[in-house]
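Asks: The structure that follows is given in the form of structure tokens.
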Amino acid sequence: MWLNALQQWSSALRVFSGRRRSDERNASGVTQEDKKPSVAVATCGFAGPRRFVDQSSERFERFKVAAENYPTNLPAEHAPNLFRKPFDPRRGHASFFTEMFQILNMIQELNLPQAALIVDVGAGAGWVTELFLGLGYRVKAIEPSPGMIEAARQRIELFAKKAGLPVKNRVEYLCSTIEELPKDLPWRGHADAVIFFETFHHVIDEETAVRQAFELLRPGGLLAICGDARWLPGNDVQAAAWNEEMDRYGTLESPFTREYMEYVLTAGGFQHVSFYHSINGLFRVGCEDRCLRDCVSDFRALGRFSGSAEHLNTVTAQKPVRSGFPIAVDPARTSSAIEVLRCQPISDDNVELTLRLTNTGETEWLAQGPQLGWVSVGLIEDRPSGLEARAQLPKDVVPGESVTIVHRFSIAALRAPLVLRLVSEESFWFEERLSLKLPK
């Protein structure tokens, strides 16, 4: 089955990524001007080196086409490796551990709610998307290459069959750059996390990309960047490696200085911008007093993964919460009081309820979905798996605040006894309940 899938995938690359850019400058279409390193400039409020290739947005279309055509520019013998990622059969499995440690460390650090909505930017052939789905998250996979999108679809379909997971309604693929995402996406403003794994250095217009990420997130949502090198101006080894990659494929290879990355994220409205070291491995008894810097040096000498912030930009940042309160995803900190102010039968099938709902907990109730943490009120049968009818809140409700709601519930399919309860959608039902006896 896997061999057949690989063959289908290779065919898909030819069909979906057949568009190549003919250019007489070199095989990739990238000129020396395109690869011109950043210099100390004072634009947009930032003075100093910014990116390895500065002002790349001026060549947006050229780099975009290179990203779209990347799969077709791979040597035939290398193409199947995209489908096999992250596995590395070579001794030591260096790339496997490097990639797995970085993404797993980030997932653990984010500590997202169950069934959180993740935007996977630059999803490629889908192995990280597969990981997110396997952990129960919902995923919007953004990728500019049609060939990569097709590869990801096939990979996820095979994974779903093998694991027996219903992922069909939990993943959506968008063939686009992050900069060009449509403004009318129904989930814009509802994502719990936007994750760039090994992709932020490919972003062509960083200001637009950060603005898009900010707008995609819900209040309090998290931005994560990992697997990205930190540009050290004057480092010839870095420059040679990135120039060779651009010469070969034409894709933008332009990591950021730490200072400029922090500036871009902060200027884009994010707060709590944090950079991390990432160290994984076994440490022998007796090494307890060794410092982090020593561990990094030891691991590097052994050829093991050592994600020091001296060489990598591993970053998290947060979109500010509107009220300063966390949203209602923690049942231990979320509670309510319910009062029935009026109960008016409209017909045999409908009843109009006027309710006062008071937030007695420590979390904010959001009135709009579909992200986690938005709250609605349910009129439900007081039995396991009972039927229910729901009503949306008229506004967000912060701790200590009350809101009055008037709603006409359909009760045609409901059987007594009935109770009123609030629900944090996709997460949990509130503990508090109020029995409701309908007037005859």
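Asks: Taking the simple approach of a point 7 Å from Cα along Cα-to-Cβ for both residue 398 and residue 91, what is their distance in nm?
Replies: 6.2
Asks: Still on this model: What FRET efficiency comes out for the pair residue 60/residue 354, r = Cβ-Cβ distance, R0 = 60 Å, nearest 0.05?
Replies: Efficiency at R0 = 60 Å is approximately 0.65.
Asks: So, one more: Using amide H atoms built 1.01 Å from N in the peptide plane, name the residues 5+ places from residue 335, or on other chains, whose amide H lies under 5 Å from its own.
Replies: So residue 335 has HN proximity to 360, 361, 362, 363.
Asks: Please find, in a Gaussian network model of the chain (springs between Cα atoms separated by less than 10 Å), the residue of 308, 402, 376 whose mean-square fluctuation is greatest.
Replies: Residue with maximal mean-square fluctuation among 308, 402, 376: 402.
Asks: Over all alpha-carbon pairs in region 134-243, figure out the percentage whose distance exceeds 17 Å.
Replies: 63
Asks: Rounded to the nearest 10 degrees, what's the angle between the helix 206-216 long axis and the longest principal axis of the chain, both from Cα atoms, 0 to 90?
Replies: In the chain, helix 206-216 runs at an angle near 20 degrees to the longest axis.
Asks: Quote the FRET efficiency, to the nearest 0.05, computed for residue 340 versus residue 184 with a Förster distance R0 of 35 Å and r equal to the Cβ-Cβ distance.
Replies: Step by step, r from the Cβ atoms, then E = 0.35.
Asks: Moving on. Would you mind giving the three semi-axes, in whole Å and largest first, of the ellipsoid equivalent to region 331-436 according to its Cα gyration tensor?
Replies: After scaling each eigenvalue by five and taking roots: 22, 15, 12 Å.
Asks: For residue 297 and residue 111, what does the FRET efficiency come to when R0 = 35 Å and r is the distance between their Cβ atoms, rounded to the nearest 0.05?
Replies: Using R0 = 35 Å, I get an efficiency of 0.75.
Asks: Hey, which of these cross-link pairs are over 27 Å Cα-Cα: 140/162; 161/183; 85/161; 85/319; 64/183; 140/161?
Replies: 161/183; 85/319
Asks: Here's another thing I want to ask about it. Enter the angle in degrees (range 0 to 90, nearest 10) between the Cα long axis of helix 292-301 and the first principal axis of the Cα atoms of the chain, meaning the one along which they spread out most.
Replies: With both axes taken from Cα atoms, the answer is about 50 degrees.
Asks: In debye, nearest 20, what is the charge dipole magnitude of region 331-436 about its Cα centre with +1 on Lys and Arg Cβ and -1 on Asp and Glu Cβ, if you could check?
Replies: Taking the Cα centre of region 331-436 as origin, the dipole is about 160 debye.
Asks: Answer with a single label: of [x] 22, 42, 29, 7, 0; [y] 18, 27, 19, 11, 7, 6, 5, 4, 2, 0; [z] 22, 48, 24, 6, 0, which was calculated as P(r) over Cα pairs in 20 Å bins from 0, in percent from the structure in view?
Replies: Derived directly from the coordinates: [z].
Asks: If you stretched the chain out fully between residue 285 and residue 382, how much longer would it get, using 0.36 nm times the residue separation minus the C-alpha to C-alpha distance?
Replies: Result for the pair: 29.3 nm of gain on full extension.
Throughout, read-outs are computed from the coordinates displayed, never taken from laboratory work. Here the structure is a predicted model, which means the values were calculated and not measured. In this analysis, Cβ positions are derived from the backbone assuming ideal geometry, glycine residues included, and neighbour counts consider all displayed protein chains.
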